[in-house]
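Working notes, beginning with the structure itself.
The values are calculated or read from the model by the stated rules, or taken from the named source; none is laboratory data. Quick caveat, the model's predicted, so the values are computed rather than measured. Counting neighbours? That spans all protein chains shown, and the Cβs are built from the backbone with ideal geometry, glycine included. The protein model used for the area step is the full one, side chains on, heavy atoms only, and it has no ligands, DNA or RNA in it. Shrake-Rupley method; radii C 1.70, N 1.55, O 1.52, S 1.80 Å.
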Amino acid sequence: MPKRISLTRYLVEQQRMKGHIPSQLRLLLEVVARACKRISQAVNKGALGDVMGSAESENVQGEMQKKLDIIANEVLIEANEWGGHLAAMASEEMEGIYVVSNRYPQGEYLLMFDPLDGSSNIDVNVSIGTIFSVLLKPEGVGVSEQDFLQPGTKQVAAGYCVYGPQTTLVLTVGDGVAVFTLDREQGSFVLTEENLRVPEDTKEFAINMSNQRHWAEPVTRYIDECLQGKDGSRGKDFNMRWVGSMVADVHRILTRGGVFLYPWDKREPEKPGKLRLMYEANPMSWLIEQAGGAATDGNRRIMDITPSKLHERVSVFMGSKNEVERVISYHRQG
Ligand code: P6P
């Protein structure tokens, strides 16, 4: 049985031996991991824990909130506000930023999260997850929403925790992608894979096909060619997977390759896409790029986009590099 390395030891080694992360960032990531463990416990209770179903409220996105959306948000806020490593937090579930109370020491990091992504899957027992991204607060007194509006290239840590058959934390601090599986007997995350790599080619795409009639031409062309299979221009058959939970779809792509597409469509033409840039697309893009994949909005590298608002949405194509580059070329051809 190989000696398993704990998340704590991995982070200490990243801090001490590779100089990748200062101690305050290590502490922040350990707190986020502990919060994910608590969320996992709540998710796993299901109907036994009175956590299922709607909270009878809407979030800032105008989406109906599930009880677990609110629970997960509260767990992350409560776990992170007192440690002294954060200046402020932002969440899909909150309209404005959450500034750490001055009764606690203020740190230099900004934490953004989607506390429970894919929550429409909660009541049907399908994988969901927490997505998080960490930025450094710009120099200066105090903290404001403007401090969060940095491109994804400024992230200092990013990851997600998928609550599925296993509870798995996937993390990057800029030194590749590491995977930690929750050992429930020990109550700790254990390193189970390091330096994850996304295959550059794939035969699997992930998109919500029910939106097909609403897509722009480059997306229609790309998917049509995949559907034509080996008799078509691609010369190979493709498979399709769509979980309806970005964390689950991206975890599959990080694990075995694939391409994830959530494009702009004609249903709400004023919106660039459905997914949020700061706490969904950016952290997932960094993980995908750190694993050798690519992530674009069709025209720009997602991590190069400077946000103009906290809950900015973006069109998303990410995964196996050669497929994403093909999607980009179709957008360039118009
Ligand atoms: P649709 C979940 O609500 C989410 O934000 C992502 O996790 C997921 O990929 C997408 O929306 C699913 O959207 O329109 O297929 O339900």
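Taking the conditions (1) part of a loop (DSSP other than H, G, I, E, B); (2) more than 16 Å from the ligand (Cβ to nearest atom); (3) at pLDDT 95 or above in turn, Ser101 satisfies each one other than (3). Look at (1) surrounded by fewer than 21 Cβ atoms within 10 Å (Cβ to Cβ); (2) farther than 27 Å from Phe132 by Cβ and you find that Tyr222 fails only one, number (1).
Considering the conditions (1) more than 11 Å from the ligand (Cβ to nearest atom); (2) in contact (Cβ under 8 Å) with a residue 40 or more places away in the chain; (3) within 25 Å of Leu287 (Cα to Cα); (4) in contact with an Asp or Glu (Cβ under 8 Å, 6 or more places away or on another chain), Ala216 is excluded by exactly one of them, (3).
For the range 178-189, the set of residues classified as touching a strand residue (DSSP E or B) at 6+ places or on another chain (Cβ under 6 Å) and either open to solvent by less than 20 Å² (accessible area, probe 1.4 Å) or not hydrophobic (A, V, I, L, M, F, W, C) (or both) consists of Ala178, Val179, Phe180, Thr181, Asp183, Ser188, Phe189, listed by residue number.
Considering (1) more than 15 Å from Leu110 (Cβ to Cβ); (2) open to solvent by 40 Å² or more (accessible area, probe 1.4 Å), the lone condition that Val162 does not fulfil carries the number (2).
Listed by first and then second residue, the pairs linking a residue in the range 272-284 that is within 13 Å of Leu149 (Cβ to Cβ) and more than 10 Å from the ligand (Cβ to nearest atom) to a residue that is open to solvent by 10 Å² or more (accessible area, probe 1.4 Å) and assigned to a strand (DSSP E or B), with Cβ atoms under 7 Å apart and 6 or more places separating them unless they lie on different chains, are Leu277/Arg313. The set of residues in the range 223-238 that are of a type outside the set (D, E, K, R) and either within 16 Å of the ligand (Cβ to nearest atom) or closer than 13 Å to Met209 by Cβ (or both) comprises Ile223, Cys226, Leu227, Phe238. The C-beta contact set for the range 42-62 (first residue more than 20 Å from Leu76 (Cβ to Cβ), second residue open to solvent by 80 Å² or more (accessible area, probe 1.4 Å) and assigned to a strand (DSSP E or B), distance under 8 angstrom, 6+ apart or interchain) comprises Ser54/Met64. For the condition at pLDDT below 95 and open to solvent by 20 Å² or more (accessible area, probe 1.4 Å), Asp175 qualifies.
So for the range 295-314 (the condition being part of a strand (DSSP E or B), crowded, with 24+ Cβ neighbours inside 10 Å and within 13 Å of the ligand (Cβ to nearest atom)), does at least one residue qualify? So far as the range 295-314 goes, yes, one or more of its residues are part of a strand (DSSP E or B), crowded, with 24+ Cβ neighbours inside 10 Å and within 13 Å of the ligand (Cβ to nearest atom).
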